[in-house]
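To start, the structure under review is shown below, and the notes come after it.
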Amino acid sequence: GKFGDYGGQYVPEALMPAIEELTDAYERYVLDNEDGFMDDFRARLRDFGGRPTPLQRADRLSERYGREVYLKREDLLHGGAHKLNNALGQVLLAKYMGKERIIAETGAGQHGTATAMACAHLDMPCEIYMGERDINRQRPNVFRMKLNGSEVNPVTVGRGTLKEAISETMRDWATNVEDTHYVIGSVVGPHPFPSMVRDFQSVISEEARTQAREKLGRLPDAVVACAGGGSNTMGAFAEFVDDEETALYAVEAGGSTLEVDEEAGVAPNSASLTTGTEGILHGARTRLLQDRDGQIMESHSVSSGLDYAGVGPELAHLVDTGRVTAVNVDDDEALTAFHRLSQMEGIIPALESAHAFGYLESVVGPDAPDSEEADDLGKYVVVNVSGRGDKDLESAIEETYER
Ligand SMILES: CC/C=C(/N=C/c1c(COP(=O)(O)O)cnc(C)c1O)C(=O)O
């Protein structure tokens, strides 16, 4: 469970039995397909989830950027985001393990909704921990979780966003390891979570690689995906990592500025890959936003799903080795990209996904200067639309965007 010097299992002793049990189950069911687990998983992703998702040419953006822009439409997966790939896999695994209760954290509410849907589909009781702040800014998803039969536990400690929700869920898990499985929502946490979540999400790049060969007659020059914890990112990259000719771009939330206020312990962004330093968070060594005393700093982003001070250890390692290029766009660029995709392509993206489009505009948009970055993007660019923006309508509608 190591990626360079990142990863590992930095958990309290009380959690080790659960971690060992999960690692054993991951190896047997996911890696060795015991009892046909992965066949069952793929069949449900198809029939319940609606896979495969399209790889669709964005005609207007292709015109605007003078290259072939293709969209991997994870916004069309059941529930409206890539999150179901991982949630369905983990709830199904918990069932195979004989667990009786599911808990999960959520920030944007997409992971919470996906877990609630998977639990209803597989008849498992479910409790979702969600920060108070996120409950208020992702309300449509709170309704969906409840309508799917899950309980939503508000988390009021700290800022009431993702970091606190993860910590609260880990506490519940440590108390109830016997009958409970914690469905972590991203490629974070102690081994085996980062590897297991990547494996469940890798269906994205498995499909995209085949679809690219069919539609482009070749591999893409670049794959661009937003990065919060990094699960849609690792899912979109996994099957391309060995294809050196395909550049991989992880787009983080630049928030309002990359400047951090060490004294106040506030980072007005979530650019852990770009400005973070090595540390341990939620059971893994990775890169994270921490002050010089190692205190985790407050992160910020207009999008809940990217508003996280950490990032997956494997993605951090891929950036350190230069295989993945970490970039970022700020809140305004993301909001403008949200409106631009809605108006130009008829797709309202999640604010998280909008960051990937903000990057494209910043490098090859009409106002962008010629650059090496533009050349490196190449002719065929795949952008991962990690989710749809229904949850963000209220917070985005105030912003205006003249086409
Ligand atoms: C697990 C906490 C993250 C959540 N969402 C993150 C998210 C993200 C960022 O998460 P990653 O893919 O794990 O980097 C991207 N796109 C959409 C649509 C998202 O909802 C959530 O709770 O829904």
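The values are calculated or read from the model by the stated rules, or taken from the named source; none is laboratory data. Keep in mind that what you see is a predicted model, and the values were worked out from it rather than measured. Here Cβ is always computed from backbone atoms with ideal geometry, including for glycine, and neighbour counts include all displayed protein chains. Please note that ligands, DNA and RNA were not included when accessible areas were found on the heavy atoms of the full protein model with its side chains. Shrake-Rupley method; radii C 1.70, N 1.55, O 1.52, S 1.80 Å.
In segment 110-141, the residue that is farthest from Asn85 (Cα to Cα) out of those that are within 11 Å of the ligand (Cβ to nearest atom) and either touching a His at 6+ places or on another chain (Cβ under 6 Å) or assigned to a strand (DSSP E or B) (or both) is Gly131. For the structure I just gave you, tell me whether Ser395 is outside any loop (DSSP other than H, G, I, E, B), modelled with pLDDT of 95 or more and open to solvent by 10 Å² or more (accessible area, probe 1.4 Å). No. In this structure, does Ala284 turn out to be among the hydrophobic types (A, V, I, L, M, F, W, C) and open to solvent by 20 Å² or more (accessible area, probe 1.4 Å)? Judged against the criteria, Ala284 is not a match.
Within segment 177-215, being surrounded by fewer than 17 Cβ atoms within 10 Å (Cβ to Cβ), in contact with a strand residue (DSSP E or B) (Cβ under 9 Å, 6 or more places away or on another chain) and not in a helix (DSSP H, G or I) holds for one residue alone: Asp179.
The listed residues are Glu105, Glu164, Glu168, and the only one of them that is assigned to a helix (DSSP H, G or I), within 14 Å of the ligand (Cβ to nearest atom) and in contact with a Gly (Cβ under 7 Å, 6 or more places away or on another chain) turns out to be Glu164. Just to be sure, is Tyr65 open to solvent by 80 Å² or more (accessible area, probe 1.4 Å) and more than 20 Å from Ile204 (Cα to Cα)? Criteria not met by Tyr65. Could you tell me which numbered condition Glu314 fails, if it satisfies all but one of (1) touching a strand residue (DSSP E or B) at 6+ places or on another chain (Cβ under 6 Å); (2) more than 14 Å from the ligand (Cβ to nearest atom)? Among (1) touching a strand residue (DSSP E or B) at 6+ places or on another chain (Cβ under 6 Å); (2) more than 14 Å from the ligand (Cβ to nearest atom), the lone unmet condition for Glu314 is (2).
Out of Leu281, Leu289, Leu306, one residue alone is closer than 16 Å to Leu162 by Cβ, over 16 Å from the mean Cα position of the chain (by Cα) and within 14 Å of the ligand (Cβ to nearest atom). It is Leu281.
Out of Ser362, Ser342, Ser395, one residue alone is of a type in the set (S, T, N, Q) and more than 24 Å from Leu258 (Cα to Cα). It is Ser342. As for segment 250-266, it holds at least one residue that is part of a strand (DSSP E or B), at pLDDT below 95 and open to solvent by 10 Å² or more (accessible area, probe 1.4 Å). Considering Leu84, Leu15, Leu92, the condition of being touching an Asp or Glu at 6+ places or on another chain (Cβ under 7 Å) and assigned to a helix (DSSP H, G or I) is satisfied by Leu92 alone.
Does Val324 satisfy the criteria of being open to solvent by less than 10 Å² (accessible area, probe 1.4 Å), within 13 Å of the ligand (Cβ to nearest atom) and at pLDDT 95 or above? Answer is yes for this residue. One residue stands out among those in segment 233-248 that are in contact with a Ser or Thr (Cβ under 8 Å, 6 or more places away or on another chain) and open to solvent by 10 Å² or more (accessible area, probe 1.4 Å): the one that is farthest from the ligand (Cβ to nearest atom), which is Ala247.
The single condition from (1) in contact with a Cys (Cβ under 9 Å, 6 or more places away or on another chain); (2) more than 14 Å from the ligand (Cβ to nearest atom) that Met145 fails is (2). Go through segment 374-390 and give me each residue that's in contact (Cβ under 8 Å) with a residue 24 or more places away in the chain and open to solvent by 10 Å² or more (accessible area, probe 1.4 Å). Across segment 374-390, the qualifying residues are Asp376, Gly378, Lys379, Tyr380, Arg388, Asp390. Yes or no: segment 359-368 includes at least one residue that is within 16 Å of the ligand (Cβ to nearest atom), in contact (Cβ under 8 Å) with a residue 24 or more places away in the chain, over 23 Å from Arg73 (Cα atoms) and aromatic (Phe, Trp, Tyr). Within segment 359-368, none of the residues are within 16 Å of the ligand (Cβ to nearest atom), in contact (Cβ under 8 Å) with a residue 24 or more places away in the chain, over 23 Å from Arg73 (Cα atoms) and aromatic (Phe, Trp, Tyr). Residues considered: Arg218, Arg144. Of these, the only one that is open to solvent by 50 Å² or more (accessible area, probe 1.4 Å), more than 29 Å from Val11 (Cβ to Cβ) and part of a loop (DSSP other than H, G, I, E, B) is Arg218.
Residue pairs whose Cβ atoms lie under 6 Å apart, sitting 6 or more positions apart in sequence or on different chains, and linking a residue in segment 259-283 that is more than 27 Å from Lys2 (Cα to Cα) to a partner that is of a type in the set (S, T, N, Q) and exposed (fewer than 13 other Cβ atoms within 10 Å of the Cβ), are Gly265/Gln295. The number of residues in segment 32-52 being without any contact (Cβ under 8 Å) to a residue 60 or more places away in the chain and in a helix (DSSP H, G or I) comes to 9.
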